[in-house]
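Notes follow once the structure below has been shown.
The values are calculated or read from the model by the stated rules, or taken from the named source; none is laboratory data. Computed from a prediction, not measured in an experiment: that's the story for all the values here. Ideal geometry is used to build each Cβ from the backbone, glycine not excepted, and the neighbour counts take in all protein chains shown. Surface areas here come from the heavy atoms of the whole protein model, side chains and all, with no ligands, DNA or RNA. Shrake-Rupley method; radii C 1.70, N 1.55, O 1.52, S 1.80 Å.
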Amino acid sequence: MNAFSKDEIVAVYKAAYLMIIADGKVMAEEIEIVDEAMHKLGIWDLFILEDIKNLAKEITEEECYGQLAFLDKEQKRFVSAMLGTISSSDGDIDDSELELWRKICSNSDLPKMNNRQAIAIFQSY
């Protein structure tokens, strides 16, 4: 998988954050998946992660989707798998999470997959 730019990582974090809050409940398992995703993208430094979180607050959903739309095929596969893994990480796949995942995939041209596929793909990175 090609390296993500800082702007792309900000968009990935924004999408992940939107998924975490989609059902109105922030679960520890969801946060752990986002932390794992950031590590898979090479973000280990907490100061850099805080910077990414702050930048993610400044971009709109539309800007996020636009940034994700320009990722390459493999990067898009990673993001879609990450979102599916977040949605199922707490053992309860809420309708609002599925709706958001579909919306992000549709607006950013991410590959569609089911949750089982998403988990397997995310674990493979």
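Can you list which of the DSSP-assigned H helices in the chain have a Cα extent of 15 Å or more along the long axis and an average Kyte-Doolittle score of at least 0.5? Intermediate results must be reported in sequence, preceding the final value.
Values: long enough: 6-21 (22 Å, 0.97); 28-40 (18 Å, -0.45); 46-58 (18 Å, 0.25); 73-88 (23 Å, -0.24); 95-108 (19 Å, -0.79).
Membrane-span-like by this criterion, though nothing is claimed about a membrane: 6-21.
Tell me, what is the per residue accessible area of the chain in Å², probe radius 1.4 Å? Walk me through the intermediate numbers first.
Values: 6710 Å² over 125 residues.
Normalised by residue count, the accessible surface of the chain is 54 Å².
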Stokes-Einstein, Kirkwood over Cα pairs, region 1-76, 25 °C, 0.890 mPa s; D in µm²/s equals 193 µm²/s
The chain - percent of accessible surface contributed by carbon and sulfur, probe 1.4 Å: 52 percent
Within the under-9-Å Cβ sphere about S89, not counting S89, Lys/Arg +1 and Asp/Glu -1 give a net charge of -4
Short version: what are the Cα gyration tensor semi-axes of region 44-125, square root of 5 times each eigenvalue, largest first, in whole Å? 21, 16, 14
